[in-house]
Amino acid sequence: MSSGGSRTLTLDDVIGLERIGGTILGTSNQGNPFAYPADGSSQLNDFSKDCFDKFKALELEALVVVGGDGTLGIAHKFHRLGMPIVGVPKTIDNDIVGTNSTFGFDTAVSFATEAIDRLHTTAHAHSRVIVVEVMGRHAGWIALHAGVAGGADAILIPEVEFDLHRVAEVVSEREQRGRRSTIVVVAEGAILKGGSVIIQEEGTEGRLDRLGGIGATVAAGLEALTNKEARTVVLGHLQRGGVPTSFDRVLATRFGGKAFELIQRRVFGVMVANRPPNLVAVPLADVVGKTKHVPLDLDLMHTARGLGVSFGD
């Protein structure tokens, strides 16, 4: 049955969803009910009371909010108004504090790794430098994991301002060893030393700046510094689609089960978090407005450096 834009989901409606990416609900983070444009105008209005009234009219027991920091921030505001909320962390960037991993991350890394594997072939065949731009607005988790897994020669992440001359040295040193091709993985939010993040389109209320272009900047700079042909591949939204990995399927299912358990126990204002080997509840107040950056002393960072990977510093 449906009522005013709502619909009751049955078991038959959700069976088999673990094999499908995306959202069957059609939800997105492009609308903030606390600051939403009315009737297509630029004026922003607070529709949070309308949302709360709808919640009560539907006689719901709780609301499970699935998303990244922006979505969870909105959820936290509603909880402070009295709505029973349980958050579930979902972002490919893996940048939500309090949880070891978010579902979507493993799938994105797996795709990016496969892309890097394929690019090694053409880079070697044509003796080129190939720069692979991946997602990662504020944190370099995808670039780091996919770069290490895919055997990249340099990995550029937002946490480490990079010097293009140091990256060019990697290309030159490889040439001297007879390695005619180089793979550079760069997160979209990576920053040249003394520069700033590259923005393609300024954001508006409820919509973040659209990043992109750092890959082309790195490729052009390396061509000028090394006299080698360099190409850029931007993976973009290809990282956000497709069939989820088995790890993400299991993690998402576990998150859902834990969220249901918390609702049964009447534990609200929290986010389900992966703290291996267990799932725990973390207060939303400890999560929102923060970013889980790649620690510079992370063991994987040390391992990558030990393998000869350059971070441009």
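Bear in mind that the values in this text are calculations on the coordinates, not laboratory data. Since the structure is predicted, the reported quantities are computational estimates derived from the model, not experimental observations. Ideal geometry is used to build each Cβ from the backbone, glycine not excepted, and the neighbour counts take in all protein chains shown.
So the values come out like this:
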quantity: Interchain or long-range residues, amide H under 5 Å from Thr182's placed H; calculated: Arg128, Val129, Ile130
quantity: Set of lysines near Lys292 by C-alpha distance (under 16 Å), chain-local residues within fewer than 8 positions excluded; calculated: Lys90
quantity: Contour minus Cα-Cα distance for Ala125 and Glu61 (0.36 nm per residue); calculated: 17.1 nm
quantity: Farthest toward positive dipole pole in the range 211-269 [+1 Lys/Arg, -1 Asp/Glu at C-beta], among Val243, Val267, Gly256; calculated: Val267
quantity: Debye, to nearest 20: dipole size of the range 1-145, +1 on Lys, Arg Cβ, -1 on Asp, Glu Cβ; calculated: 180 debye
quantity: Exposure proxy ranking, count of Cβ atoms within 10 Å, fewest first, for Met83, Met271; calculated: Met83, Met271
quantity: Summed residue charge, Cβ within 11 Å of Val267's Cβ, Lys/Arg positive, Asp/Glu negative; calculated: +2
quantity: Percent antiparallel among DSSP beta bridges (both partners in the chain, rounded to 5); calculated: 35 percent
quantity: Members of Lys77/Lys258; Lys54/Lys290; Lys54/Lys258; Lys258/Lys290 lying beyond 27 Å, as alpha-carbon distances in this model show; calculated: Lys54/Lys290
quantity: Farthest positive-ward along the range 83-130 dipole, Cα basis, beta-carbon charges - from Ala125, Gly98, Pro84; calculated: Ala125
quantity: Relative contact order %, the chain, counting alpha carbon pairs below 8 Å whose residues are six or more apart; calculated: 24 percent
quantity: Exposure proxy ranking, count of Cβ atoms within 10 Å, fewest first, for Val65, Val129; calculated: Val65, Val129
quantity: Inter-label distance for Arg174 and Arg118, nm, one decimal - labels placed 7 Å from Cα along Cα-to-Cβ; calculated: 1.9 nm
quantity: Residue order, fewest to most surrounding Cβ atoms within 10 angstrom, among Val88, Val280; calculated: Val280, Val88
quantity: The chain - charge dipole about Cα centre, Lys and Arg +1 at Cβ, Asp and Glu -1, debye rounded to 20; calculated: 480 debye
